Amino acid sequence: MTRRRQIYEGKAKILYEGPEPGTLIQYFKDDATAFNAQKKGTINGKGVLNNRISEHIFTLLGTIGVPTHFIRRLNMREQLIRQVEIIPIEVVVRNVAAGSIVKRLGIEEGTQLPRTIIEYYYKDDALGDPMVADEHIACFGWASQEEMHDIADMAIRVNDFMCGLFAGIGIRLVDFKLEFGRFFDNDYSRVILADEISPDGCRLWDMTTGEKLDKDRFRQDLGGEVEAYQEIARRLGLLPEGENMVLDLDKHRKSKGK
Ligand code: UDP
């Protein structure tokens, strides 16, 4: 078998050349980072769970007409995606105060925001992903006004959909991060949802107990990261009740050196 060409390696994923032009393979690692990669660790089985969770959410978003880069899941850790040019903006949607907004504005964690807030961060590790305004995005040409309009529109639709999806399984969608990319169709480009949607980039709290079921368990050294991600997958109907099938299968694969 010929070795695939690696296109890019990020903190939690690797991108390989896809089988056809215009496609890539997105591989989900178990690596976890926080605080601009100052904290590093491994969450065993995270990649398998995030691959499944992201597949599920992107597929559902596709059915309500949100265009995404997702084509299909290939195996436990990989999915086939459309190649896009990533727009260097992290789009954060907030429903409840947590994380950086708590520190920045002194709002108490858990405060329900009177309306949904969309924030933009410039993707630049060396600068620590600074928050930017629409003005900066337009001024430096990171995205056009039209693209930003589409992005804000899609972010709201994704939020509405995901709030309902998670509320239905007893989870409060506190906040989340999205990334978008330009998809080229001949000379024409349009913005589609890219990257992933998983507990790595969302804050998900149990509605009755308030328990954190997301990457804050890793950020705040709370322990039980895999169990939390598994709980999300299980409630979404992606794991058989009372079983850790996905993780067990992955261990089996690893022990066979595959
Ligand atoms: N987030 C992310 N990647 C980042 C920064 C934030 O996925 O580089 C997510 C994070 O998981 C949370 C939301 O975006 O769900 C808002 O994060 P926040 O600005 O509060 O920053 P944090 O406290 O995570 O540093």
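The values are calculated or read from the model by the stated rules, or taken from the named source; none is laboratory data. Keep in mind that what you see is a predicted model, and the values were worked out from it rather than measured. Here Cβ is always computed from backbone atoms with ideal geometry, including for glycine, and neighbour counts include all displayed protein chains.
Every test in (1) more than 16 Å from the ligand (Cβ to nearest atom); (2) surrounded by fewer than 17 Cβ atoms within 10 Å (Cβ to Cβ) is passed by residue 78 save one, and that test is (2). Selection over region 32-72 of residues that are buried (at least 16 other Cβ atoms within 10 Å of the Cβ), touching a helix residue (DSSP H, G or I) at 6+ places or on another chain (Cβ under 8 Å) and farther than 24 Å from residue 160 by Cβ gives a count of 7. From the list 72, 5, the one residue that fits, being among the basic types (Lys, Arg) and in contact with an Asp or Glu (Cβ under 6 Å, 6 or more places away or on another chain), is 5.
Before we move on, is residue 66 at pLDDT 95 or above, more than 13 Å from the ligand (Cβ to nearest atom) and not in a helix (DSSP H, G or I)? Criteria met by residue 66.
Residues of region 148-179 that are away from the ligand (no atom under 14 Å from the Cβ) and aromatic (Phe, Trp, Tyr): 161 alone. Taking strands (runs of 3 or more DSSP E) as the structural unit, those lying wholly within region 159-258 and holding at least 3 residues that are in contact with a helix residue (DSSP H, G or I) (Cβ under 7 Å, 6 or more places away or on another chain) and at pLDDT 95 or above correspond to 171-185.
Figure legend. Inter-residue proximity from region 88-100: first residues touching a residue at least 40 places away in the same chain (Cβ under 8 Å) and part of a helix (DSSP H, G or I), second residues more than 7 Å from the ligand (Cβ to nearest atom) and of a type outside the set (Lys, Arg), beta-carbon distance below 6 Å, spacing 6+ or different chains. No pairs are indicated. The residue of region 194-210 that is nearest to the ligand (Cβ to nearest atom), among those that are crowded, with 16+ Cβ neighbours inside 10 Å and over 19 Å from residue 11 (Cα atoms), is 204.
Scanning region 140-155 for residues that are part of a loop (DSSP other than H, G, I, E, B) and buried (at least 18 other Cβ atoms within 10 Å of the Cβ) turns up just one, 143. One residue stands out in region 81-106 among those that are among the β-branched types (Val, Ile, Thr) and within 13 Å of the ligand (Cβ to nearest atom): the one that is nearest to residue 173 (Cα to Cα), namely 96.
Looking only at residues in region 156-181 that are over 21 Å from residue 111 (Cβ atoms) and surrounded by 16 or more Cβ atoms within 10 Å (Cβ to Cβ), the one that is nearest to the chain's Cα centre (by Cα) is 178.
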